Amino acid sequence: MTWHLGPELLDRYSDGDLDLARQSAVETHLLACADCRQLTSAKAPQDLLTDIWQGVQIATARPRMPWPLRLLRKLGLAETDAVILSASSSLYRPWLLSLVGAFVIGVGGTMMPATEQRSLYLLFAPLLPAITVAAAYDATDPIRELAAATPFSKLRIALLRTATVVAIALPVVLLAGLALPFVGADAFAWLLPSLTLTLLALTLLTWWTASVTAWVVAVLWLTVVGILRSAQQLSAVDTPFAQLAFAVAALLALAALAIRLTTHHAPGGYA
Amino acid sequence: MSTLSDAELLRNIAAGDEAALRQLYERHAGWLLLRLNRRCGSQDLVAGALQDTFVAVWQSAGRFRGEGEVAAWLWGISIRRLISALRGHPAADPLGDDVVGAAVPVVNSAEDELLRGVEYGDVGRALRTLPPELRATLQATVIDGLTTKEAAVLLGIPQGTVKSRLRVAKSRLRDQLMPGRTS
Ligand SMILES: [Zn+2]
């Protein structure tokens, strides 16, 4: 090396005060000389470098994934999606909710008189996935900041969370129903109403917060079940007519959700 | 203990050593930041590009081919991250081979060779005789090792203009530096 960067040249380079020829000479030299790189680096704004390093640390942190995510990962969930989802510890709450809900249905059911068992199951089973989805959009969610800082589509994150929550809640509730002797044919009858309620919850989440949405959906379903029960028509839920009605309602909710999404209103205020 | 070479640090980073990433950052982030500042006036874009660079290093340190300077490799990644940011959207595949692989500068002609050795002698003087827009084009393509497409984004001019300016700049330099030679 025939020459090194003197103090004056260093100052002028870091101030952007060199003509292009000298600047190029400095930069070419820097690529080849570790000593001068060190001297140059000392001229850089250290506060900014500290900030950027923190950004690097956040972006490279790899928290251990919770078990439901590891399970979904084995079932084909993409690594990048799993990492994005695992950044949010609040997913534990909806998962816990679905487990507790299934437990309540199971234990509660055996303690109720036989006539009340069906209404209990029909009351809670369809609501559970919808409520857990709403819970996944809680406002204290740290993934909100992550969504703002990553190139991932915010809608993609929102729908991924929904799918992840439902993928856990649905089998749990279904297993609870199949394991209970009093449920019988109703173990499947609630699937369509549940789909309707979940889509409705997702649509409402494009306007309202998670708790408001959860209450609205719950009160709505309670009203439907209450009316059916007072008219002694609870078994009507199983009929093809009722199931068709639920399917139509689900399609309507899906259409409403699609309209909200195409106008850039993602559930949970991500958009 | 802190005498590991850059290439050794990269090997440790590839094995998941966070302390090695920190050490590489402390060695290189400063001058990279200053050099990026010379290419782009937006502090936000520059800071984002530098962060992306070290995230990319963390994820793909194993792709360093072990040839050439680590410093040049890092610069190649960071200038391309900056260009992605200037395009207004991140590269579709931030770790693509075009990002990591193209980062080793390619010397492709006698003029380039001369320019790389640029100091306070003839080449510096010759460079200074060029109009600013030709110098900027030479800097982006030869010094930064960018393709004409990338240089076009960085300079904010069409690709065709980059090519024609580069042609003019090189022929003028050739006339000054190698007057006896005809092409
Ligand atoms: Zn030096």
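The values are calculated or read from the model by the stated rules, or taken from the named source; none is laboratory data. Bear in mind that the values here come from a model prediction, so they are computed numbers and not experimental data. Counting neighbours? That spans all protein chains shown, and the Cβs are built from the backbone with ideal geometry, glycine included. Ligands, DNA and RNA are stripped out before the accessible areas are found, and what is left, the full protein with its side chains, is counted by its heavy atoms. Shrake-Rupley method; radii C 1.70, N 1.55, O 1.52, S 1.80 Å.
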10 Å Cβ neighbours from other chains, averaged over peptide A:14-23 | 6
For the range A:9-52, which semi-axes, largest first and in whole Å, follow from the square roots of 5 times the eigenvalues of its Cα gyration tensor?
-> 19, 13, 8
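Taking beta carbons within 10 Å but only from partner chains, what does the mean come to for residues A:50-57?
Average neighbour count from other chains, rounded to a whole number: 6.
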How do the peptides B:24-31, A:47-54, B:142-149, B:159-166 rank, highest first, by the average count of neighbouring beta carbon atoms within 10 Å per residue?
-> B:24-31, B:142-149, B:159-166, A:47-54
Residues of the range B:54-77 that bury at least 50 Å² of accessible area, probe 1.4 Å, when all protein chains are present rather than the chain alone, are B:Trp58
Peptide A:36-48 - average C-beta neighbours from other chains (10 Å radius) | 4
So what are the ³J(HN,Hα) numbers for the range A:218-230, from phi and the Karplus equation (6.51, -1.76, 1.60; θ = phi - 60°), rounded to whole Hz, Gly and Pro as x?
-> 5, 4, 4, 5, 4, 4, 4, 5, x, 4, 4, 5, 5
Can you give the net charge of the other residues whose Cβ lies under 12 Å from the Cβ of A:Arg37, counting K and R as +1 and D and E as -1?
-> -2
Hey, what do the phi angles of the range A:206-214 turn into as Karplus ³J(HN,Hα) couplings, whole Hz, using 6.51/-1.76/1.60 and θ = phi - 60°, x for Gly and Pro?
-> 6, 10, 10, 6, 4, 5, 4, 4, 4
Highest first, please rank the peptides A:21-31, A:123-133, A:202-212, B:40-50 by the mean number of other Cβ atoms sitting within 10 Å of their residues.
-> A:123-133, A:21-31, A:202-212, B:40-50
Counted charge near B:Leu154, where neighbours are those whose Cβ lies closer than 11 Å (Asp, Glu -1; Lys, Arg +1) = +2
Which whole-number percent of Cα pairs in the range B:1-62 have a distance greater than 16 Å?
-> 45 percent
Computed ³J(HN,Hα) along the range B:60-77: with the Karplus parameters 6.51/-1.76/1.60, θ = phi - 60°, integer Hz and x for glycine or proline, the list is 9, 4, x, 8, 5, 7, x, 10, x, 7, 4, 4, 5, 4, 4, 4, x, 5
